[in-house]
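The values are calculated or read from the model by the stated rules, or taken from the named source; none is laboratory data. Note that the structure is a prediction, hence the values are computed from the model and not measured. All Cβ positions, even for glycine, are placed from backbone atoms using ideal geometry, and neighbour counts span all protein chains on display.
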Amino acid sequence: MSHQYVVAHNFTQVQPEMLEKIITLQRERHERGKFVISYIGTVRFYEMDMKLIKLFANDERFVLEYIGSGASGLKSYCEDNHICNVNLVNEFSQDKTFEFYINTDFINNLYGYGSKYLDFALSNRLYHAVQLGIPILVCKNTYMAEIVEKYKVGFVFDFDEPGIKERLINYYHNNIDDIIKNNAVTFLSKVLHDNTLYEQMILRFVNDTNMH
């Protein structure tokens, strides 16, 4: 028996005025040479989070933000290591999610890899990223990395790569215009196409079931 599979994408539509605010504030920050990397959602991958914080610790070019339940779990690590470029917000209303993205240059989706849960998941942050034209950071050896590289909507982050921070800055300057204008639009078109196919398959299944 042959089976046909289609991906059902789960994403929330972003208002156009939100994108305009993001682009304006990004330009202002970059004139000051500052980049904001934001993790927005439940904070629970503390080992990976602390690894990233250590790498960017007190680098004046970057600000790391962890926004969501569990963020306070990183407070003692930052205080014990005198790290000053990390902002922590422990709770927020879900309807405020996109407001936090206004101040974001990179969306942090660095969970790690090596398990089915991590390796094959498509995060909601991917859909936020492409709608807002914000590059997403993902771990190597994951399905997210395949998508990001194929559609050129983000950066595959390797913690062990020398000069990774400089390459990240160069990547942004060289790619952000294409991400906003072209690459994200291409991926979103695929998302809408896949969801249309999914809806059609569900309708066919329901109709076939009712006929028997």
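A count restricted to region 90-121 and to residues that are touching a residue at least 60 places away in the same chain (Cβ under 8 Å) and over 18 Å from T42 (Cα atoms) stands at 3. Within region 33-72, restricting attention to residues that are closer than 15 Å to I169 by Cα and of a type in the set (A, V, I, L, M), the residue that is surrounded by the most Cβ atoms within 10 Å (Cβ to Cβ) is L64.
To keep it simple, each residue is scored yes or no on (1) touching a residue at least 12 places away in the same chain (Cβ under 8 Å); (2) in contact with a Phe, Trp or Tyr (Cβ under 7 Å, 6 or more places away or on another chain); (3) assigned to a loop (DSSP other than H, G, I, E, B).
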| residue | (1), (2), (3) |
| --- | --- |
| L52 | yes, no, no |
| E60 | yes, no, yes |
| V63 | yes, no, no |
| Y66 | yes, yes, no |
| S72 | yes, no, no |
| C78 | yes, no, no |
| I83 | yes, no, yes |
| L88 | yes, yes, no |
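Residues of region 149-167 being among the charged types (D, E, K, R), farther than 18 Å from G133 by Cβ and either at pLDDT 95 or above or touching a helix residue (DSSP H, G or I) at 6+ places or on another chain (Cβ under 9 Å) (or both), which ones?
Here is the first cut: in region 149-167, the ones among the charged types (D, E, K, R) are 149-150, 152, 158, 160-161, 165-167.
In the following step, the residues that additionally are farther than 18 Å from G133 by Cβ were identified as 158, 160-161, 165-167.
Those that are among the charged types (D, E, K, R), farther than 18 Å from G133 by Cβ and either at pLDDT 95 or above or touching a helix residue (DSSP H, G or I) at 6+ places or on another chain (Cβ under 9 Å) (or both): D158, E161, K165, E166, R167.
Taking the numbered list (1) among the polar types (S, T, N, Q); (2) more than 20 Å from K51 (Cα to Cα); (3) crowded, with 16+ Cβ neighbours inside 10 Å in turn, Q94 passes all entries but (3).
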